[in-house]
Structures are given as C-alpha cells and as structure tokens.
1. Suppose we keep only residues that are in contact with a Ser or Thr (Cβ under 8 Å, 6 or more places away or on another chain) and at pLDDT 85 or above within the range D:195-226. Which one would you say is surrounded by the most Cβ atoms within 10 Å (Cβ to Cβ)?
2. Would you tally the residues in the range A:92-103 being closer than 30 Å to A:Gln55 by Cα and either within 8 Å of chain B (Cβ to nearest Cβ) or open to solvent by 10 Å² or more (accessible area, probe 1.4 Å) (or both)?
3. Please enumerate the residues belonging to the range C:48-91 that are open to solvent by less than 20 Å² (accessible area, probe 1.4 Å), within 11 Å of chain B (Cβ to nearest Cβ) and outside any helix (DSSP H, G or I).
4. Is it the case, given these coordinates, that C:Glu121 is more than 21 Å from C:Thr33 (Cα to Cα), within 14 Å of chain D (Cβ to nearest Cβ) and among the charged types (D, E, K, R)?
5. Which of the residues belonging to the range D:124-167 are among the β-branched types (Val, Ile, Thr) and at pLDDT 90 or above?
6. If you go through the range D:18-32 one residue at a time, how many are more than 16 Å from A:Val27 (Cβ to Cβ), without any contact (Cβ under 8 Å) to a residue 12 or more places away in the chain and crowded, with 24+ Cβ neighbours inside 10 Å?
7. Out of all the residues in the range D:18-44, which are among the hydrophobic types (A, V, I, L, M, F, W, C), more than 7 Å from chain C (Cβ to nearest Cβ) and within 15 Å of C:Leu104 (Cα to Cα)?
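The values are calculated or read from the model by the stated rules, or taken from the named source; none is laboratory data. On a predicted model such as this, the values are computed, not experimentally measured, just so you know. Here the Cβ positions follow ideal geometry from the backbone for every residue, glycine too, while neighbour counts run over all protein chains shown. We work out accessible area using only protein heavy atoms, side chains counted, and drop any ligands, DNA or RNA first. Shrake-Rupley method; radii C 1.70, N 1.55, O 1.52, S 1.80 Å.
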4 protein chains.
Amino acid sequence: MSEEEVREDRTRRQLRTSRMEAFSDGVFTIAGTLLVIELAVPPRSTHLWDAVVEQWPSYLGYLVSFATIGAIWLAHSVITAYLDHASLWLMRVNLILMLTVAFLPFPTKLLAEYVRESESERVAATLYGVNLLLTSALLHLFWRYAVRHGLVRDDAAASDVQVLTRRLRPGLAAYVALIVLGLFVPVAAVVGYLAIAVYYLVPLGQARRQRRIHQAMAPHRDQGRK
Amino acid sequence: MSEEEVREDRTRRQLRTSRMEAFSDGVFTIAGTLLVIELAVPPRSTHLWDAVVEQWPSYLGYLVSFATIGAIWLAHSVITAYLDHASLWLMRVNLILMLTVAFLPFPTKLLAEYVRESESERVAATLYGVNLLLTSALLHLFWRYAVRHGLVRDDAAASDVQVLTRRLRPGLAAYVALIVLGLFVPVAAVVGYLAIAVYYLVPLGQARRQRRIHQAMAPHRDQGRK
Amino acid sequence: MSEEEVREDRTRRQLRTSRMEAFSDGVFTIAGTLLVIELAVPPRSTHLWDAVVEQWPSYLGYLVSFATIGAIWLAHSVITAYLDHASLWLMRVNLILMLTVAFLPFPTKLLAEYVRESESERVAATLYGVNLLLTSALLHLFWRYAVRHGLVRDDAAASDVQVLTRRLRPGLAAYVALIVLGLFVPVAAVVGYLAIAVYYLVPLGQARRQRRIHQAMAPHRDQGRK
Amino acid sequence: MSEEEVREDRTRRQLRTSRMEAFSDGVFTIAGTLLVIELAVPPRSTHLWDAVVEQWPSYLGYLVSFATIGAIWLAHSVITAYLDHASLWLMRVNLILMLTVAFLPFPTKLLAEYVRESESERVAATLYGVNLLLTSALLHLFWRYAVRHGLVRDDAAASDVQVLTRRLRPGLAAYVALIVLGLFVPVAAVVGYLAIAVYYLVPLGQARRQRRIHQAMAPHRDQGRK
C-alpha cells in the first residue's frame, strides 16, 4: 500500500470515529442539559425561598444525573482517545449505550417527583439505579469490545489498557449493591450513586494510575519535560 | 493544478461534508433525545409501579423511534464515509431528510397517547408509518443522488456501492406493507417498524455483505493482518 | 515566517472557524428540532384525524420555520466555506445572528396559536416577520463584514463574492414587503415567508450563478472532468 | 521521538481538546436555545400585543442569559485557542463549569416568573446572580489552571496571557457587587448582569488590548499585510 493510500485510510477511519464521537457528544450534552427543563418553577403564590428549599430532591437528582453523565462522558473520551478506528459493531454497542444515556432524564424526573412517597420512592430509586447500572455495564462492554477486536491503537501500552479495564469494573458491583440498598433506604442509594460518579470523576488515592492515563493522553509534553 | 492547490481543495471539500454531518448529527441526537421529554411522569396519587407498567406504549414508541433514528444515523454515517465531497443539491436533499427526522418525535407522541383508542389508534399508526417511510425514502434518495452525481470517492469499489444500494431498498416495501397492516392491527405495525430498524442495525444472516462494508470502512487494519 | 509557523497559524485559525461553526450548527439544529416540541398533542377525547387536520397552522409554522432555518444554515455554510479565518468581531456578529435564530421558535409558537384570532393574528404575523427580517439582515451583515475585513480566502474569485452578495440582498426587501402585507392578510404573509425560504434553498432559473457557486465549493472534481 | 511520533501525539491531543470543545459547545448552545422554550405563550383570550408587552421580564431574562452564555462561550473559545492540549483535570474543571452553564435556564425561569413579586423577586435575583458568579469564577479557574499547569501553547506570548487574565478578573467583583445590589433593587441588578455580559462581549475603550488578542488568534494574515 502506498503512503498516499495509508493517509487516505487514516482520514477515512478518523472520520468514522469522529461521527461516533459527534453523535455521542450530542446525546451526552442534550441529556445533561435537558435535566434542567424538568426542574419545575414553584407556583407563584408560594414564597420562593421556601419553595426552592422544598425542591431539594430535584436538585439532588439533577446533580447525580449530571455527575454521572459527566463521568461516563469522561470515560468515553478516554476510551475513544485510545481507539485507532471504529467498526460497525462498536457503533451499534455505542448506540445502545446512548439509548440508556438519553433515557436517564426520565427516571431522574420520576425520582425527583416521588422521593418522599413511601412505596413509590422505592420503585423510582430502583428504576434509576437500573438505568445507571445498564449505562455503566454498556460502557464496560464498549471498552471490552474495542480491546478484544483490535480497535485500540498499537502504541497504547498494555499496562494502560489494563488500568482502564480495572478502573471501569468496580462500578458494576457498587451499582448492584446500591440498587438492593435502595429497596430499603432509597435516599441513601441516591447519595451512593453520586459517590460512584465522583469516584469515576476524581479517582481519590489513585494518583499513580491516574498519572499513567494522563501520560497516555498527552505524552509529548510530559516526556519533553523530563 | 499544483499539489498545494489540490490540498486546499481537499480541505475545502472536507469542511463542506463536515458541516453537513454536523447539522445531521445535531438533528439525529436532538430528535433521539427529545423523545424522552414526551414521557409523562404519572400523577403523584397513583402507585408508581402500576403507572409505569400502564405506560408501556410510550416506552415502545421511544424504543422504536430511537432504534429507527439510530439505524438511519448508522446508514447516513456509512454513506458519508463513502462521499468524496458534498454538493449544494445533496445538502438540500439532506435538509429535507432532516426535516422528517426532526418531525418524528411528534407522531411518536401521538402514537403513545392514542395507542388504545380504537379509531384514533389507526390514524396515529398510519401517520407514524408515513413519517418512517418518508425518512427511509429520502435516505435512499440521498444515497442515489450521491452515486449518480459522482460524489462518491473514486476508490470505493463498485461492488460496495451496489451492496449498499441493495441494503437500503427492501425497507421501502416493508414500510408500505406495514402501513397497510397498521390500518387493521396498529400495534403489530409498530412492532414491525421496530423489526425494520433492528434489521438495518443488525444485518442477520448477511455476514458476508457486512464484512465487505466493514472492509470499506477500515481497510488498512484488516489488510495489515492478512 | 517558516513553513512550520504558517502551518501552526493555519491550524489555529481553522480551530477558530470550527468553533464558530460548531456553535452555529448547534443553534441551527436545536432551534429547528425544538419546533416540534411546540406541536401540541390533541386532547384524547377528540377524534385524532379531525384534530390533526384542525392543527394545520402549526404544521405550516413548523414548515416555514424549518425551511427558513435550513436556508439560513445553507447560506451560512457557503459563507464559512469562503472564509479564510474568523475574527472576534465576526464571532460577535455571529452571536447576534444566533440570538435571532434561537428566538425563532417563540414567534412560530405565537403564530400557530393565534393564527385564526382576528386582531392577534396580525400581531403574531408581524412579530414573526420581524424576526425573519432581523435574521436575514444579520446574515447579510455577517457576509459583508467578512468581505470588508479581509476574512475571505484569497483564492475566492471576485465574481463568486459578488454573486453571493447579490443573492443575499433581495430577501431583505421581500421581508419588509411581506411584513406590511401581513398587517392585512397574515396567512398570505406566512406563505410568502415560505416562498422566500424556498427561493434561497432552490434558486429557480439561476442555474448559471448556481453552478458558479458550486464550482467554488468543489472545483477539483469538476475541473478534473473537463 | 521521531517526526511520525510527534505527529501522532499532536493528533491525539487535538482530538482530546476537540471533544472537550464539542461537549462545551453542545452545552452552550443547548442552554442558550432552551431559554426560548421557557417563554410562555399567553392564553388565547387575551389581546396578544398587550400580553407580549406584559411579558417583558421574560425577554429581559432571555437576553441577559443568552448574552452571558455568548460571552462565556467567546472567552472559552479564546482560551481553548491558546491551549496546546487538555488534561483530565482541566476536563473536570470544564465539566463543573458546564454544570453551571447548563443550570442557568432554571434561575432565568424563576426570575422571569417572580420579577414583580416583592419578596420572591429578591430571592430570584440572588439565585440568578449566584449562578452567574459561579460560572464566571469557574471560567476564571479554567484559564488559571491551564496557565499554571503548562497547557498553554509555547508560542503564546506572555503578554497575551497576562491580558487575558486581567480581562477575566473584574467580572468577579462586579458580580458580587450586583448580587448585594439585587437584595435592594433586583431589576437594577439584572440590568447590571446584562452590562457585564456586554462588557465581556465588546470591550469598550480597550481597542489596544483587543487588537493584541486578535493578533494572537490570526497572526498570519495580519502580519502578511504589514
């Protein structure tokens, strides 16, 4: 294959990855921003401050969902930065992942509405947790699929790939545990979901692994300084 | 034409294709994500679980519309990956295609609302099917226009072009058949629309054709392994 | 300036244009897709078909607004394809243009709601026309600013620039005329707004000018065939 | 490191910045465009013109929020044009910034609804001001973080970096002053927020600094003319 052909192939593949990323970024940002539409303006007769304070479950739901979407987006960005190219099957897995991301505003709305209704509160927290679990599991699958089918760049260090795989795993068990907890203490489960999102966003006590991913993302500048 | 000029032309053309893709990705993702806004939160007095189960037509509508949008997006991505550049007329066809994609949330809403109302159910299913048929026909036209007016890349194999054309065609007949079926058994038609979307997303039993398209998308890596 | 520096500059400028385009594409697509949210589902007691037919002003408004947004987007794409780079002032003009594009769903909603209310109908049609006029005038200003301040690529033929300027001008006078007409026959004005959008989208009887713009967009392939 | 490796690194880093920009542009445009959904159509019995005039607080809120989002977007674009690459921590700061941008439509809605209700008006204006202050502070932090951690391009002049830092600072003090003012004269504070946005968008009397930033954005063309 001539050099020209290689460059053409590269362009074509980058285009492909770029559209999958564009579609994903669209869904992430819209789902994240739509959450705010669901925040209801209190009826005008009430005193606004009391009404706003009264609405705390809505704000908590907004925060947890935005944090989760942000965490999934960050992981998705790290993953696609490792990708050499996409494939039709990877795009299909991505579409199902996006289905669950786009759906998240609905259980968020249910949770905000039903959080202080004894029976229904449990149903809402469970549906919310199941949606988060599915999203997380599909993100996991998205990464595993890319690794197994040779879509990861050749220059990605094997240790980086392992670190990323290890980082994505614990979330699944935590979500299952919190869904069970949510059947008894729904609000505690929701706070737990926030904790998972924060764990993904800011890996406390894992500075070393962190740095390795960081180097994989921007090696030129880091190496240039040593 | 000097080499520099050729590169300039390339940049310009890629920019053009890139804006058409950006506009399309925007419409696809917004239409797909807006669907979830239409899902109504049940009034607070009801038991949530019963109310959620009762809403199944809304979820079915969400699933069918998201799957269809995903399938059209995937086909649109494959098509634009074959394009060498866009033209003003291709962008016009694309705008009409986007009009029908952007409209889809409305019949989805009608369908979810009217699915168990004897007479109106048929109207809703018909409007929904007509919208899907138009979207599919315009996607077909989009591809045919690009092929006929020399917008497809020179290095795209003739067999690939034929395969893609053949893959897009059966959907049209299926939509017409389901619109007729929908006059008698609306819910069956809706399930059929889901089947068409899945058929486009996951080409069962067509692994061979599939692989050819796959190779056209990312030939470098595949060839490198042989 | 070394060749490396020139390339760096180019990258930087392309980045700038690319973000202005990304912001614009976002506003265009969201404004275009939000229009469909405003389409109200008829209350369940009515017969759906009658209710849908009764809603024709909403569909007309949707069509006119989507066509106008599409026409403005197409012109915006042609303009930015001629740009060598952006400037802070061009981005400011673009922001005001986007303000008017993003606002369009509101007068569309007013128009659909009030179209058969004698007095208010005129107010709605006037507000709608003023919004379209402002959008068109700002698009005109956007292009003029780019031409006057040397943001257009050096290799853009002077004749192309004149053709584009001439194409953008007549819309302004037509909008003013239709706003006046709308004070007497509001629906006729709305149909006129659709005609303007179609005129911009499909330049009837102007195949020659059209071809020139087309060649400016994708000269390589066209020249290669001669 | 070979030249090929350097190019690979560059591609990778640009990809990273590009996804952060894509996510940000998505949130900016959606938040800006969603504002218009909140504009309520007056009930049909009223005379439309009176009703529209009566709604002026909604339009003021729309204008202030869109102008602020536009100003933040413009500053964000200038900042990312200076960036050499992104880092995971910068993306986290950006996510929190985006959280506050995405939230803005909610206090805008509260303000529009409560602007003439004595007590609640103050609460709404304060919440609105606090949201703007947070957004501005996070934008400041975003830039400072990039400067301190060596993410700014090597070829960015030190004077440019100082100018940008100086330009971002005064907004914070102004927001704090206006939040206090808003406790007494809420509408005056809102007009002040508009003034800050305009100050960021159009730097009056600062043509010289302005020109320097301009040159940093597009030096090639400017130098070519001298």
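1. First pass over the range D:195-226, keeping only residues in contact with a Ser or Thr (Cβ under 8 Å, 6 or more places away or on another chain): D:196-197, D:212, D:214, D:217-218.
Applying the additional criterion that residues be at pLDDT 85 or above yields D:196-197.
Values: D:Ile196: 20, D:Ala197: 22.
Ranking the candidates gives D:Ala197 first.
2. 5
3. C:Leu83
4. Working: more than 21 Å from C:Thr33 (Cα to Cα): yes; within 14 Å of chain D (Cβ to nearest Cβ): yes; among the charged types (D, E, K, R): yes.
Considered against the rule, which asks whether it is more than 21 Å from C:Thr33 (Cα to Cα), within 14 Å of chain D (Cβ to nearest Cβ) and among the charged types (D, E, K, R), C:Glu121 comes out as yes.
5. We begin by selecting, within the range D:124-167, every residue among the β-branched types (Val, Ile, Thr); these are D:126, D:130, D:135, D:147, D:152, D:161, D:163, D:165.
Selection gives D:Thr126, D:Val130, D:Thr135.
6. 0
7. Hits for the range D:18-44 are D:Leu34, D:Leu35, D:Ala40.
Let's see how each residue does on (1) in contact (Cβ under 8 Å) with a residue 12 or more places away in the chain; (2) aliphatic (A, V, I, L, M):
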residue	(1), (2)
B:Val115	yes, yes
B:Gly129	yes, no
B:Leu138	yes, yes
B:His149	yes, no
B:Val152	yes, yes
B:Leu164	yes, yes
B:Ala189	yes, yes
B:Ala195	no, yes
